[in-house]
Amino acid sequence: MRYLKITSCLFAIAFAFSCQDEPKQEIIEKQADFSYNVTEFADIGVLRYQIPGWEELNLDQQKLVYYLTQAGLSGRDITWDQNYRHNLSIRKGLEQIYTSFQGDRSTKEWQQFETYLNRVWFANGIHHHYSMDKMKPEFSKEYLVSLMEDQSISIPSEAVDVIFNDQDSKKVVLDKDKDIVLESAVNFYEPGITTKEAKAFYNSIKVNKEQPVELGLNSRLVRKNGQLVDDVYKSGGLYGEAIDQMIYWLQLAQGVAESDKQSKALGLLIEYYQTGSLDKWDEYCIAWSTSTEGAVDWINGFIEVYNDPIAYKGSYETIVQIKDFDMSRQMNVLSENAQWFEDNSPLMEEHKKDTVTGVSYKTVNVAGEAGDASPATPIGVNLPNNTWIRTVHGSKSVSLGNIISAYANAGGSGRLQEFAHDQKEIELEEKYGAKADKLHTALHEVVGHASGQINPGVGTPKETLGSYKSTIEEGRADLFGLYYLMDPKLEELGLVDNWKNYGMAAYDGYIRNGLVSQLVRLELGKDVEEAHMRNRQWVSAWVYEKGKEENVIEKVIKNGKTYYDIKDYDKLRMLFGELLRETQRITSEGDFEAGQELVETYGVKVDQAIHKEVLNRNKQFKAPAYRGFVNPVIVPIMEGEKITSFKIEQPDTFEEQMLMYSKNYGFLE
């Protein structure tokens, strides 16, 4: 959900617009006095967002939002350390150099230093937030050492070396021919621990098969006295200094909770952080999932497992949100009809759920983000991730409305003109694309991740599908949404006024992105590694190949440029349905071999000639490939020790916010 990551999706769409050609130019009233764009560097653009609905909250609700955002920021350093063991010492040293430097800031090398620091801030570490590759600076090691010596700043020598050498070159390794735990730089496993050892450790732990906890979710696997043990994140344990700060703010939040259910959920979250108990985490998730009233909600915990090559360890993240009641009412119709979508899906009957429980979908406005959700953010969320809780107690699915609006207000449409096959495709996208994308996100989250069931006796997808679990789950949810985007039921439910055109726009955009335009995010010669990019490619490439005989999608070369033109949308829908059926079968039966073949055959390798062509075509565009956000700053107005009101301030610069965060929330340094 870094996209509605969700069965594993708290941010299933954690592609945070990574799946888009470019943010769609929806008709959104722009604020003439509000500047969305903050800065650009390397392949990154940083934006601002507003908090619609803030003024409609009463003082206690505003306090609740404030306390929750403070709790979230208090754990920010955890994400940095989870991402790589040297990140915090590197960040501290680079920031000290940046703030104390008295020399000429206009030199080429200093500009390169600033760019590198900005990239590290954005990625929460020295590995790219999306490609997972280590980001090497353009300046030399000698230049960095000279800056350190001039200002008497110390960075551990091993950390300095790793900035420039080839050690720990990829945060998350998914190559099937490598030891993915041993060779991943991510800090969930002590160096030297192998994939075989880690899997054997967790497989040896007995759990309730009907209600299994998420083993390893909140811990680092280490070797002590020759034995593997989980070093648990908790008060008094690993990351305890930051967690104690989080607990302090969560206790204040509990004191202004909107309801007894909210208060109970916050109390259980506090107990979880105090004890590190995964049973307590499940209790909290149940309480949180069933607390659906009120204007304020939150996501807080070690949640998404995308950064763990074997999908056990949860990355720390928080999102604090205010409900958008008007949009939520419109989208509740999907929740109310979730059973119809399940019953009428192309899944095998034995893989359908008899009862789809408690699916809810709301549009919310973000009030603050931290950890793995910031600066790069999802655009939607579906939680909790534990399958049995979702099945029995339901889940929450939300679309981050103000984030989507900020993307739209700050974006451009140049890539659409370049990569769309013809004028009709462009017109469909411009008229229907934005809403079609929102609807696909909703279908992905509400009915996609909630659909289907595991066969009796089959382990969880994490156990059976291994490193392919995340991309298969995201593809499955995408396919569910794609199948229904071309269904007149959407018009019958009042969600669209011309279902065929919305479906065509959605199909055009998905194929265009999956086969062509998302390649702008990938370095030439690289395989596709990121789970969402993989799933969009294997879905698109599979239907293209299977439809060749009937020319469902035609590959077109015009003026030396490659395009994919959909010739038969109805047959394409049937192919999406066929692939959905097979993907659900793989998931339900735990068919690792079939899942591996699907992903490796269609989702990993890239046609190098097309990739080179796409990168050359993309050079004309100045818009950055990736975007993220600074957070508005919620400032309390005090009378003595009492909060009487708040004001919302926007950061002037990205650097200002990053330095403020390190100063005020650097509890692990």
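The values are calculated or read from the model by the stated rules, or taken from the named source; none is laboratory data. Bear in mind the structure is a predicted one, so any value in this text is a computation, not a measurement. Heads up, the Cβs are rebuilt from the backbone with ideal geometry, glycines too, and the neighbour counts pull from every protein chain shown. Side chains are part of the model used for accessible areas, which takes the heavy atoms of the whole protein and leaves out ligands, DNA and RNA. Shrake-Rupley method; radii C 1.70, N 1.55, O 1.52, S 1.80 Å.
Would you be able to say whether some residue in the stretch 566-583 is under 31 Å from the mean Cα position of the chain (by Cα), over 26 Å from Val447 (Cα atoms) and open to solvent by 10 Å² or more (accessible area, probe 1.4 Å)? Checked the stretch 566-583: no residue is under 31 Å from the mean Cα position of the chain (by Cα), over 26 Å from Val447 (Cα atoms) and open to solvent by 10 Å² or more (accessible area, probe 1.4 Å). Among the residues of the stretch 177-190, how many are in a loop (DSSP other than H, G, I, E, B) and open to solvent by 80 Å² or more (accessible area, probe 1.4 Å)? Residues in the stretch 177-190 being in a loop (DSSP other than H, G, I, E, B) and open to solvent by 80 Å² or more (accessible area, probe 1.4 Å): 2 in total. Identification of strands (runs of 3 or more DSSP E) wholly contained in the stretch 575-669 with 3 or more residues that are of a type in the set (A, V, I, L, M) yields 633-639. Listed by first and then second residue, the pairs with beta-carbon distance under 7 Å, at least 6 apart or on different chains, first residue in the stretch 46-61 and over 20 Å from Thr377 (Cα atoms), second in a loop (DSSP other than H, G, I, E, B), are Leu57/Ala295; Asp60/Val256; Gln61/Glu258; Gln61/Ala295. Selection of first residues in the stretch 192-203 that are closer than 9 Å to Val181 by Cα and of second residues that are open to solvent by less than 20 Å² (accessible area, probe 1.4 Å) and assigned to a helix (DSSP H, G or I), restricted to Cβ pairs under 7 Å at least 6 apart or on distinct chains, gives the following pairs, ordered by first then second residue: Ile193/Val181; Thr194/Val181; Thr195/Ile180; Thr195/Val181; Ala198/Val181. Just give me the residues in the stretch 77-92 being out of contact with any Leu (no Cβ under 9 Å at 6 or more places or on another chain), assigned to a helix (DSSP H, G or I) and either closer than 17 Å to Asp161 by Cβ or of a type in the set (D, E, K, R) (or both), in sequence order. Across the stretch 77-92, the qualifying residues are Asn87, Ser89, Ile90, Lys92. Against the test of being hydrophobic (A, V, I, L, M, F, W, C) and either surrounded by fewer than 18 Cβ atoms within 10 Å (Cβ to Cβ) or assigned to a helix (DSSP H, G or I) (or both), the options Val232, Val222 yield a single qualifying residue, Val222.
For the residues Leu416, Leu334, Leu439, Leu347, the requirement of being open to solvent by less than 30 Å² (accessible area, probe 1.4 Å) and either at pLDDT 95 or above or not in a helix (DSSP H, G or I) (or both) singles out Leu347.
Among the residues making up the stretch 104-156, those that are aromatic (Phe, Trp, Tyr) and either surrounded by 17 or more Cβ atoms within 10 Å (Cβ to Cβ) or not in a helix (DSSP H, G or I) (or both) are Trp110, Phe113, Tyr116, Trp121, Phe122, Tyr130, Phe139. When the criteria are applied in full, Gln251 meets the requirement of being more than 30 Å from Lys171 (Cα to Cα), open to solvent by 40 Å² or more (accessible area, probe 1.4 Å) and in a helix (DSSP H, G or I).
Going by what's in this entry, would Arg536 be described as closer than 15 Å to Glu473 by Cα and open to solvent by 40 Å² or more (accessible area, probe 1.4 Å)?
no
In the stretch 42-76, of all residues being assigned to a loop (DSSP other than H, G, I, E, B) and closer than 22 Å to Lys323 by Cα, the one that is farthest from the chain's Cα centre (by Cα) corresponds to Asn58.
The residue of the stretch 600-633 that is surrounded by the most Cβ atoms within 10 Å (Cβ to Cβ), among those that are more than 20 Å from the chain's Cα centre (by Cα) and among the aliphatic types (A, V, I, L, M), is Val614. Within the stretch 559-606, the set of residues being in contact with an Asp or Glu (Cβ under 9 Å, 6 or more places away or on another chain) and modelled with pLDDT under 95 comprises just one member, Gly560. When every residue of the stretch 156-171 is checked against the conditions, none turns out to be among the hydrophobic types (A, V, I, L, M, F, W, C) and over 30 Å from the mean Cα position of the chain (by Cα).
Determine if the stretch 358-377 includes at least one residue that is at negative phi and part of a helix (DSSP H, G or I). Checked against the condition, which is being at negative phi and part of a helix (DSSP H, G or I), the stretch 358-377 yields no hits at all.
Take Ser540 and decide whether it is among the hydroxyl-bearing types (Ser, Thr, Tyr) and within 22 Å of Glu342 (Cα to Cα).
no
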